[in-house]
Amino acid sequence: MTARFLTNKRYLLMMGIIFGGMMSLALHNITTTGTVLPLTSPVTHSSASDEKFSQGSPSAGTNPLNVTHSATEPTSMETSHSLSSTSKVQSHTGAKEAAVQEKSPIPSKQVALTFDDGPDGKYTPKILDILKQHNVKATFFVVGSQVSKYPDFLKRIHEEGHAIGNHTWDHANLTKLTDAKIKQELKETDDWVEQTVGIYPSMVRAPYGAISASVKETVEKTGRPLIGWNVDPRDWAGTAPKDIIANIQTHTKPGSVILLHCFGGKKGNLDNTVKALPDIIAYLQKEGYQMVTIPDLK
């Protein structure tokens, strides 16, 4: 009986010690953490990691997930938040870069195809068909006497979005004419163009490229520029298609004005122009050139 009493006493003493220890630990947790429950082990970073995290914060524009942890890795929730923050930063940065790109001028290689002396009923429609097939816009410097004969083809030139310039009434050498005669050559052509398609030609090209100080002054008084060219493959002379193309390949550069014809030529033959035109367009497109009208040429 005495032995049993001593055993129960030891048991109660041990339970008291355990209970007292638990109470002491609970009081310590309440004092230091405000909760009875013990904390899990905190995530710690080395000093190097802390420095990287500071530099890699979203506000610094770098990915915080590049931080190397020296202890516990972030939870899935922390990772998700970091990814979200990084995504927002990258999205914001990308938007700013896109805005800068939109404001920046986009460099372009432009050239102008020009066709003189028409319109006519044979070559002009064939050239228009090729331009339409390739979605290319060109400039036609028309002769007034030809407009009077083929007004429907001038209408087609206009309706298909090509530019129209004045090339005098009968392809006259303006340097050999008086001021009054030059004005007459231009006015008669202007009148026919206007009554046919309802527009006033906004530019003039002198036949043969023949100009003088007096010619320039007379044309300028009409409020229009004189338009020349700087690439002449001599299609009007019966030049072979391969040589027409080779000339254009050699001399064309950004801003070039290429001279071709849609009427006339040696013995009235411009078959080589028609044959060469698709390959001219293909070459220019391959080289990254945009073919535009003279008014659109920058």
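Assorted remarks:
- Members of the stretch 261-298 that are touching a Lys or Arg at 6+ places or on another chain (Cβ under 9 Å), open to solvent by less than 70 Å² (accessible area, probe 1.4 Å) and without any contact (Cβ under 8 Å) to a residue 60 or more places away in the chain: Gly268, Ala276
- Test result for Pro119, farther than 30 Å from Gln249 by Cβ, open to solvent by less than 10 Å² (accessible area, probe 1.4 Å) and in a loop (DSSP other than H, G, I, E, B): no
- Among the residues of the stretch 201-217, none qualifies, meaning not one is in contact with a helix residue (DSSP H, G or I) (Cβ under 6 Å, 6 or more places away or on another chain), free of Cβ contacts under 8 Å to residues at least 40 places away in the same chain and part of a helix (DSSP H, G or I).
- Filter pass, Asp152 being surrounded by 14 or more Cβ atoms within 10 Å (Cβ to Cβ) and either touching a Ser or Thr at 6+ places or on another chain (Cβ under 7 Å) or among the charged types (D, E, K, R) (or both): no
- Residues (charged (D, E, K, R), open to solvent by less than 70 Å² (accessible area, probe 1.4 Å) and closer than 15 Å to Leu177 by Cβ) located in the stretch 210-229: none
- Residues of the stretch 159-188 satisfying the condition of being under 24 Å from Lys137 (Cα atoms) and open to solvent by 70 Å² or more (accessible area, probe 1.4 Å): Glu159
- Single residue of the stretch 230-244 satisfying the filter (crowded, with 19+ Cβ neighbours inside 10 Å and either under 33 Å from the mean Cα position of the chain (by Cα) or among the acidic types (Asp, Glu) (or both)) that is farthest from Leu297 (Cα to Cα): Pro241
- Residues of the stretch 254-298 satisfying the condition of being more than 17 Å from Ser108 (Cβ to Cβ) and part of a strand (DSSP E or B): Leu259, Leu260, His261
The values are calculated or read from the model by the stated rules, or taken from the named source; none is laboratory data. On a predicted model such as this, the values are computed, not experimentally measured, just so you know. Ideal geometry is used to build each Cβ from the backbone, glycine not excepted, and the neighbour counts take in all protein chains shown. For the accessible areas, the whole protein counts, side chains as well, though only heavy atoms, and no ligand, DNA or RNA atoms are used. Shrake-Rupley method; radii C 1.70, N 1.55, O 1.52, S 1.80 Å.
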